[in-house]
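*Asks:* I have a structure here, written as structure tokens, and I will follow up with some questions on it.
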Amino acid sequence: MHTFKILSVLLTYPQQETLDALGEMAEIIERETHLSNVHKKAVQSLIDSYRGADLLDLQERYVALFDRGRFLSLHIFEHVHGESRDRGQAMIDLLELYRTHGFELSARELPDFIPLFLEFLTQLASREQALQLLRDAMPVLSLLGARLAERGSRFHVIFDALADIAGEPEDIADIRRQAAVEGEDESLVNMDAIWEEEAVSFMAAGEPCQTQTGTVNPITITPRDQILKSPRNRSL
């Protein structure tokens, strides 16, 4: 199912190779029958948005969207386990699944990275198995799609396309409602606070090599609430 591969590439940090392959990707999306016409057009529109775009601009937008907070993290288990120990075991289980099917990762790759997960689905011989694994991940993927839609990002069409293939989770209405009412990404708020604190500390330092008196107030990290409210699927 090459459609998974195209969606994986579109969800990966843009490279020159991405721009060079836009025509081929558009042809594959048009040729394959896994997406409805509505979702084909939406993905084609995303592909078209890359045409003529400056690569550095695309890369900066990608980093600003996906790499600066947790709400839009492209790591599946971030939205299920957060920083708990369960995340490590889930990673091991998923990595073992990959290896069972001959899908090897480099030392730097995390198995729950969504573009990597989609690439794995592309290589599965059994379409039904690929669809079942995708359905297992849909509560997280649908939440990401809803958050992207709330932020006006066109990347939501990728997750809409995945829902078109696998079907939406039963609690999709709750997921969309959550995305609509949740506040700012706390990780971004805390990062801004850290930068502000650093700026204040620097300005208060006075002359170079002068010892600063007083104690800087520590940054309090808000405990992470459970983001995904649907039951966790242990097969991932």
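The values are calculated or read from the model by the stated rules, or taken from the named source; none is laboratory data. Computed from a predicted model, the values in this text were never measured in an experiment. Ideal geometry is used to build each Cβ from the backbone, glycine not excepted, and the neighbour counts take in all protein chains shown.
*Asks:* Looking only at residues in the stretch 1-53 that are among the aliphatic types (A, V, I, L, M) and closer than 22 Å to HIS75 by Cβ, which one is nearest to the chain's Cα centre (by Cα)? Step through it out loud before you land on a result.
*Replies:* Keep residues of the stretch 1-53 that are among the aliphatic types (A, V, I, L, M), which gives 1, 6-7, 9-11, 19, 21-22, 25-26, 28-29, 35, 38, 42-43, 46-47, 53.
Retained after the next criterion (residues that are closer than 22 Å to HIS75 by Cβ): 6-7, 9-11, 46.
Working: ILE6: 15, LEU7: 12, VAL9: 12, LEU10: 11, LEU11: 8, LEU46: 16 Å.
Filtering first and then ranking leaves LEU11.
*Asks:* Determine the pairs where a residue that is in contact (Cβ under 8 Å) with a residue 12 or more places away in the chain, located within the stretch 29-57, has a partner that is assigned to a helix (DSSP H, G or I) and loosely packed, with under 12 Cβ neighbours inside 10 Å with Cβ atoms under 7 Å apart, the partner being 6 or more residues away or on another chain.
*Replies:* Listed by first residue and then by second, the contacts come to LEU55/GLN16.
*Asks:* Limited to the stretch 167-181, what total is found for residues that are surrounded by fewer than 19 Cβ atoms within 10 Å (Cβ to Cβ) and of a type in the set (A, V, I, L, M, F, W, C)?
*Replies:* Going residue by residue through the stretch 167-181, those that are surrounded by fewer than 19 Cβ atoms within 10 Å (Cβ to Cβ) are 167, 170-174, 176-178, 180-181.
Now narrow it down to the ones that are of a type in the set (A, V, I, L, M, F, W, C): 172-173, 180-181.
Number satisfying all stated conditions: 4.
*Asks:* What are the pairs, 6+ residues apart or on separate chains, where a residue within the stretch 99-115 that is surrounded by fewer than 10 Cβ atoms within 10 Å (Cβ to Cβ) has its Cβ under 7 Å from a residue that is outside any strand (DSSP E or B)?
*Replies:* Short answer, once both residue conditions are applied: none.
*Asks:* If you don't mind, there's one more thing I want to ask. Is there any pair with a first residue in the stretch 120-134 that is without any contact (Cβ under 8 Å) to a residue 24 or more places away in the chain and of a type outside the set (Phe, Trp, Tyr) and a second that is surrounded by 11 or more Cβ atoms within 10 Å (Cβ to Cβ) and not in a loop (DSSP other than H, G, I, E, B) whose Cβ atoms are under 6 Å apart and which are 6 or more apart or on different chains, and what are they?
*Replies:* Close Cβ pairs satisfying both conditions: LEU124/ALA130.
*Asks:* Assuming LEU94 fulfils every condition listed in (1) in contact with a Phe, Trp or Tyr (Cβ under 7 Å, 6 or more places away or on another chain); (2) touching a residue at least 60 places away in the same chain (Cβ under 8 Å) apart from one, which condition is it?
*Replies:* (1)
*Asks:* Taking the options SER8, SER49, SER45, name whichever one is among the hydroxyl-bearing types (Ser, Thr, Tyr) and buried (at least 17 other Cβ atoms within 10 Å of the Cβ).
*Replies:* Values: SER49 fails: buried (at least 17 other Cβ atoms within 10 Å of the Cβ); SER45 fails: buried (at least 17 other Cβ atoms within 10 Å of the Cβ).
The match here is SER8.
*Asks:* Here's something else I'd like to know. Test LEU65 against the criterion of being surrounded by fewer than 20 Cβ atoms within 10 Å (Cβ to Cβ), of a type outside the set (Asp, Glu), more than 14 Å from LEU143 (Cβ to Cβ) and in contact with a Pro (Cβ under 6 Å, 6 or more places away or on another chain), and give yes or no. Explain how you work it out, then say what you get.
*Replies:* Numbers: surrounded by fewer than 20 Cβ atoms within 10 Å (Cβ to Cβ): yes; of a type outside the set (Asp, Glu): yes; more than 14 Å from LEU143 (Cβ to Cβ): yes; in contact with a Pro (Cβ under 6 Å, 6 or more places away or on another chain): no.
So LEU65 fails the test.
*Asks:* Next question. Looking at this structure, is GLU27 in a helix (DSSP H, G or I), at pLDDT 95 or above and among the charged types (D, E, K, R)? Working first, answer last.
*Replies:* Values: in a helix (DSSP H, G or I): yes; at pLDDT 95 or above: yes; among the charged types (D, E, K, R): yes.
Judged against the criteria, GLU27 is a match.
*Asks:* If we scan the stretch 71-83, do we find a residue that is touching an Asp or Glu at 6+ places or on another chain (Cβ under 7 Å), buried (at least 17 other Cβ atoms within 10 Å of the Cβ) and either modelled with pLDDT of 95 or more or in a helix (DSSP H, G or I) (or both)?
*Replies:* Taking the stretch 71-83 as the starting set, the residues that turn out to be touching an Asp or Glu at 6+ places or on another chain (Cβ under 7 Å) are 71, 75-77.
Those still in the list that are buried (at least 17 other Cβ atoms within 10 Å of the Cβ) too: 71, 75-77.
So of that shortlist, the ones also either modelled with pLDDT of 95 or more or in a helix (DSSP H, G or I) (or both) come out as 76-77.
Taking every residue of the stretch 71-83 in turn, at least one turns out to be touching an Asp or Glu at 6+ places or on another chain (Cβ under 7 Å), buried (at least 17 other Cβ atoms within 10 Å of the Cβ) and either modelled with pLDDT of 95 or more or in a helix (DSSP H, G or I) (or both).
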